[in-house]
Amino acid sequence: MNTIEWNESLSVGIEEIDNQHKGLIDIINLLESSSKVAERHKICFEIVLKLKQYCDEHFMTEETYMVRYDYPMFVAHKKEHTEFIKNVLDFEMACVEFYSPYTPMLDFLKEWFVKHIKDTDIKMGDFLKKSI
């Protein structure tokens, strides 16, 4: 099991956003820990519901900061959020069709976490720290 552990290299420097990212780590690690569970389908669906709630709260938080401080990469950043939501909705559809998208969902979340948070969000955080 390869869980993700929070460390300062993941920090964007804004406590509210960092705390929400820690919540995403918890969701990813919950999915990771369900690898051997017989009812993986049910857990995948629960993860999708958690991800939808996460998207609503977290993306609104980031986008509010970006608009408030006139972040120049807002459009590109928001596009990544939109793509994430699309993927979550695709996973939800797979769950509704009684397919347990455990591996694709875990692979997607881990890849997105590294790419988006360690790159896109860190850049946003650097900008916001200078602006706030």
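The values are calculated or read from the model by the stated rules, or taken from the named source; none is laboratory data. For clarity, every value in this text was computed on a predicted model and none was experimentally measured. Positions of Cβ are generated from backbone atoms using ideal geometry, with glycine treated the same way; all protein chains shown enter the neighbour counts. Surface accessibility is based on the protein's heavy atoms, side chains included, excluding ligands, DNA and RNA. Shrake-Rupley method; radii C 1.70, N 1.55, O 1.52, S 1.80 Å.
When the residues of segment 100-121 are narrowed to those that are surrounded by fewer than 16 Cβ atoms within 10 Å (Cβ to Cβ) and in contact (Cβ under 8 Å) with a residue 24 or more places away in the chain, which ends up nearest to Phe84 (Cα to Cα)?
At the first step, the residues of segment 100-121 found to be surrounded by fewer than 16 Cβ atoms within 10 Å (Cβ to Cβ) are 103-104, 107, 110-111, 114-115, 118-119.
Among the residues that remain, those that are also in contact (Cβ under 8 Å) with a residue 24 or more places away in the chain are: 110, 118.
Values: Lys110: 12, Lys118: 15 Å.
Top of the filtered list is Lys110.
Count, please, the residues in segment 122-132 that happen to be part of a helix (DSSP H, G or I), open to solvent by 30 Å² or more (accessible area, probe 1.4 Å) and in contact with a Phe, Trp or Tyr (Cβ under 8 Å, 6 or more places away or on another chain). Before you say what the answer is, go through the steps one by one.
First, pick out the residues of segment 122-132 that are part of a helix (DSSP H, G or I): 122-131.
Still in the list and also open to solvent by 30 Å² or more (accessible area, probe 1.4 Å): 122-123, 126-127, 129-131.
Of the ones still in play, those that are also in contact with a Phe, Trp or Tyr (Cβ under 8 Å, 6 or more places away or on another chain) are 127, 131.
Matching residues across segment 122-132 total 2.
Given (1) at pLDDT below 95; (2) over 16 Å from Ile27 (Cβ atoms), identify the lone condition not met by Thr120.
Here Thr120 meets the rest and fails (1).
Please report, ordered by residue number, the helices (runs of 4 or more DSSP H) entirely within segment 1-68 with at least 1 residues that are hydrophobic (A, V, I, L, M, F, W, C) and farther than 17 Å from Met105 by Cα.
Numbers: elements: 15-33, 40-54, 60-68.
Output list reads 15-33, 60-68.
Taking segment 71-98, which residues are in contact with a His (Cβ under 7 Å, 6 or more places away or on another chain) and open to solvent by 50 Å² or more (accessible area, probe 1.4 Å)?
Across segment 71-98, the qualifying residue is only Phe98.
List, please: which pairs have Cβ atoms under 8 Å, are six or more places apart or on different chains, and start with a residue in segment 19-33 that is closer than 12 Å to Ile43 by Cα and end with one that is part of a helix (DSSP H, G or I) and open to solvent by 30 Å² or more (accessible area, probe 1.4 Å)?
Ile27/Lys50; Ile28/Lys110; Leu30/Ile43; Leu30/Lys50; Leu31/Ile43
May I ask you to list the residues in segment 99-110 that are over 18 Å from Ile25 (Cα atoms) and either out of contact with any His (no Cβ under 6 Å at 6 or more places or on another chain) or part of a helix (DSSP H, G or I) (or both)? Even if it seems obvious, please write down each step before you answer.
Our first condition is that a residue be over 18 Å from Ile25 (Cα atoms); within segment 99-110, this holds for 99-101.
Within segment 99-110, Tyr99, Pro101 meet the criteria.
So in segment 14-42, with the set limited to residues that are modelled with pLDDT under 95 and of a type in the set (Gly, Ala, Ser), which one is most open to solvent (accessible area, probe 1.4 Å)?
Out of the qualifying residues, it is Ala38.
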